[in-house]
1. Computed FRET efficiency, Cβ-Cβ of residue 182 and residue 16, R0 41 Å: what is it to the nearest 0.05?
2. With springs connecting C-alpha atoms under 10 Å apart, model the chain as a Gaussian network and identify which of 171, 58, 119 has the largest mean-square fluctuation.
3. Name the residue, out of 38, 128, 180, whose mean-square fluctuation peaks in a Gaussian network model built on the chain with Cα pairs under 10 Å.
4. For the residue pair residue 174 and residue 71, what label-to-label distance in nm results when each label sits 7 Å from Cα along the Cα-to-beta-carbon direction?
5. In whole percent, what relative contact order does the chain give with Cα contacts below 8 Å and a gap of six or more residues?
6. Would you compute, for the Cα atoms of region 1-104, the largest minus smallest coordinate along each principal axis and list the three values in descending order, in whole Å?
7. If each residue of separation counts as 0.36 nm, what is the full-extension length gain between residue 143 and residue 164 once their alpha-carbon separation is subtracted?
8. Please report the antiparallel percentage of the DSSP beta bridges confined to region 52-191, to the nearest 5.
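Every number here is computed from the coordinates shown, using simple stated rules; none is lab data. These figures come from a predicted structure and were not determined experimentally. Quick reminder, even Gly has a Cβ in these numbers, built from the backbone with ideal geometry, and neighbours come from all protein chains shown.
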């Protein structure tokens, strides 16, 4: 289904938060390419956790359509390729099509309804785990580590009732982050 640029611009202008803007954009893209779109990365954190610095890029997984189809659509919407990303300068927003494979459980993704159609977002448990993996196994700047810690804390605090702790523990064992997960859960000790 063709989604005109004007409709996208109206949707983005009507969004009341960065999270809503990301959801609207993902839903409109899904409608335009007639395929499921899954929001991952920092913009997915924005959907589940308020009060943290919003992500300036939107990482998207499109499992059932060629990335080239999505690229043609966003180009028609005014995005310009910049390396592997697509930039819309007036929105101060980058899109990154990270590939067709979801790194995490599809069963844990959440489907959000928007006025522009549905869109999926990576599950909270996988977002927590990915940040803990990065904290434990990657070399990062102190500023980025602090940002990851704020994200993990916000995800735990704002989603405590809905977390699937059994799944999170399974992922922690698989990814060798049991120790840092325990620290993050305690909240008083920084990983």
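1. The formula returns an efficiency of 0.65 here.
2. Among 171, 58, 119, the largest GNM mean-square fluctuation belongs to 171.
3. In this elastic network of the chain, the residue with the biggest mean-square fluctuation among 38, 128, 180 is 180.
4. 3.0 nm
5. Once normalised by length, the contact order is 20 percent.
6. That gives 34, 33, 25 Å along the principal axes, largest extent first.
7. Residue separation times 0.36 nm, minus the Cα-Cα distance, leaves 4.7 nm.
8. The answer is about 70 percent antiparallel.
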